[in-house]
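Reading through the structure tokens given below for one structure.
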2 protein chains.
Amino acid sequence: MRKLQHSDYMDLAIEEAKRTHASQDVPIGCVIVKDGCVIARGHNTREQNHTALGHAEINAIAAACETVGSWRLSGCTLYVTLEPCPMCMGAIINARIDTVVFGAYDVKAGCAGTLCDFCRMGFNHTPQVIGGIREFACKALLSEFFETLRK
Amino acid sequence: MRKLQHSDYMDLAIEEAKRTHASQDVPIGCVIVKDGCVIARGHNTREQNHTALGHAEINAIAAACETVGSWRLSGCTLYVTLEPCPMCMGAIINARIDTVVFGAYDVKAGCAGTLCDFCRMGFNHTPQVIGGIREFACKALLSEFFETLRK
């Protein structure tokens, strides 16, 4: 069996993003992987659950901490379809996540290098960042959602 | 009856911080105020609940969203004993909180002007920030905690 690649895990994050379909939430999905296994998933639930904290990464980090039984997620890689916002990039740093892999770049709020770069701001942990994995598919999810919304 | 001042609400945040006493959590407390009323409280529960998301502000914002029934906390002021970290300052921005009042400055992770200033980074919401309210009492909480820990 071939070893799974970043794009394979991103496909799982894309599947997770589609779970927003029933609510009015922007389709963003996230999976957290440790030792090759998906230990947590999360999708955007801001509208569904009426909470400012309901981003895909926050939901996935909450689930991962519960799975691992620790606030420390060292050794984990987080895959998310859209570049993390300040809250989520801060949560990734607080959880000591090793690597962040994102799909689409976010010029409005992306804090993994686009609007600003949290890896160069002197925080006490610096995750490795890989952007643009399955970028086209991740962007398509968002553009289709916003096009439908405008109709 | 006199109108409550920032320092009065900060005293409530200090009381909330002391609720970490039973766990090994750093004593940080938060209250969220709307129209003069405290609508939510939160203290640091990272160690107690084994979650990287367990900061005082995150717990208070979760409670406030539940109280208000919306992710949008416009018209609210958040009082916290320590300057917010990137995750919490990001959550404050995402929740559209009007004003942040903090006690002690945080040179290691403070994102409301000390290590960096999230109000000057081009995000889509800019809260007003007031720092140093009841600073001495807020700092004393932390220094006493860390002194006891070292013994």
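Points to keep in mind about this one:
- Take A:Asp98, move 7 Å from Cα toward the beta carbon, and the resulting point lies 4.7 nm from the same point in each other copy, nearest first.
- Cα shape, chain A, gyration tensor, a/c 1.5 rule: rounded
- Only beta bridges with both residues in the protein assembly as shown are counted; by DSSP, about 60 percent of them are antiparallel.
- For segment B:19-29, 3J(HN,Hα) computed residue by residue from phi via the Karplus equation (6.51, -1.76, 1.60; θ = phi - 60°) reads 6, 6, 3, 6, 9, 9, 7, 4, x, 10, x Hz, glycine and proline entered as x.
- Shielding of peptide A:60-72 by partners, expressed as the average count of other chain Cβ atoms within 10 Å per residue Cβ, is 3.
- A:Ile130 long-range amide H proximity, modeled H, under 5 Å: A:Val100, A:Val101, A:Phe102
- Ellipticity estimate at 222 nm from DSSP helix runs (n ≥ 4, -39,500 (n - 2.57)) divided over chain B, nearest 500: -11000 deg cm²/dmol
- Around the Cα centre of the protein assembly as shown, unit charges on the Cβ atoms of Lys, Arg, Asp and Glu (plus for the first two, minus for the last two) sum to a dipole of about 40 debye.
- Tilt relative to chain A, helix A:135-150 - C-alpha long axis, 0 to 90 degrees, to 10: 40 degrees
- Reachable lysines, given that their alpha-carbon falls under 23 Å from the alpha-carbon of A:Lys18 and they are not under 8 places away in the same chain: A:Lys34, A:Lys108, A:Lys139, A:Lys151
- Taking amide H as placed 1.01 Å from N in the peptide plane, the amide H of A:Ala40 sits under 5 Å from that of A:Ile32, each at least 5 places away or on another chain.
- Charged side chains reduced to their Cβ positions (Lys and Arg at +1, Asp and Glu at -1) give segment A:1-134 a dipole of some 180 debye around its Cα centre.
- Inter-copy separations for B:Glu144, label at 7 Å along Cα-Cβ, nm, ascending: 5.7
- Note on segment B:80-113 and segment B:18-57: Cα centroid distance 13 Å, given to the nearest whole angstrom.
- Across the identical copies, the label point of A:Thr126 (7 Å from Cα in the Cβ direction) is separated from its matches by 2.9 nm, in order from shortest.
- Considering only segment B:1-150, percent of DSSP beta bridges that pair antiparallel, nearest 5: 60 percent
- Long-range HN-HN contacts of A:Thr81 with modeled amide H, under 5 Å: A:Gly29, A:Gly103
- Principal-axis tilt of helix A:56-68 within chain A, Cα atoms, nearest 10 degrees: 40 degrees
- Crossing angle, helix A:6-17 versus chain A [Cα axis fit, 0-90 degrees, rounded to tens]: 50 degrees
- Normalised by the number of residues in chain A, the mean separation of alpha-carbon contacts (under 8 Å, six or more apart) gives a relative contact order of 19 percent.
Each value in this text was obtained by applying a stated rule to the coordinates, not by laboratory testing. This structure is a prediction, so every number in the text was calculated from the model and none was measured. Every residue, glycine among them, receives a Cβ derived from its backbone with ideal geometry; neighbour counts consider all protein chains shown.
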